[in-house]
Amino acid sequence: MAVQVKRWKNNIQAPVVQQVRGSLGVHEQGLIITTSDFSTGARQEAEQPDKTPIALMSGEQMVNLLIEYDIGVMRTSYDLIDLEEDEE
């Protein structure tokens, strides 16, 4: 599997997906990870059923996985206090 990571502010566009796919050999798969997200065109290009598979992972998905598996995160607990309402 070939992995390409992009640290971009803007969404990844379809040509990036096409470039990754073009760099793959036969029977290889690709994964693009970005700190941003993917355009609709990039998602459509990655999902082409008749082409080499390219998986996409957005910054939000990456953060969720890091939290889920406790990688590079620290959990902190807080006490929540509610005030009782006066009964009249």
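Restricting to segment 24-74, count the residues that are in contact (Cβ under 8 Å) with a residue 12 or more places away in the chain and part of a loop (DSSP other than H, G, I, E, B).
Qualifying residue count, segment 24-74: 11.
Hey, could you check segment 38-88 for residues that are β-branched (Val, Ile, Thr) and surrounded by 12 or more Cβ atoms within 10 Å (Cβ to Cβ) and say which is farthest from GLY22 (Cα to Cα)?
ILE67
Just checking, how many residues over segment 14-30 are under 23 Å from LEU65 (Cα atoms) and surrounded by fewer than 16 Cβ atoms within 10 Å (Cβ to Cβ)?
Summing the residues that are under 23 Å from LEU65 (Cα atoms) and surrounded by fewer than 16 Cβ atoms within 10 Å (Cβ to Cβ) in segment 14-30 gives 1.
Of all the residues that make up segment 1-19, how many are farther than 16 Å from GLY59 by Cα and either in contact with a helix residue (DSSP H, G or I) (Cβ under 9 Å, 6 or more places away or on another chain) or polar (S, T, N, Q) (or both)?
Count: 7.
Condition first: within 19 Å of MET1 (Cα to Cα) and free of Cβ contacts under 8 Å to residues at least 40 places away in the same chain. Can you find one or more residues in segment 75-85 that meet it?
no
Any read-out appearing in this document is the output of simple, stated calculations on the displayed coordinates, not a laboratory observation. No experiment lies behind these values; they were computed from the predicted model shown. Cβ coordinates were reconstructed from backbone atoms using ideal geometry, including for glycine residues, and neighbour counts include every protein chain displayed.
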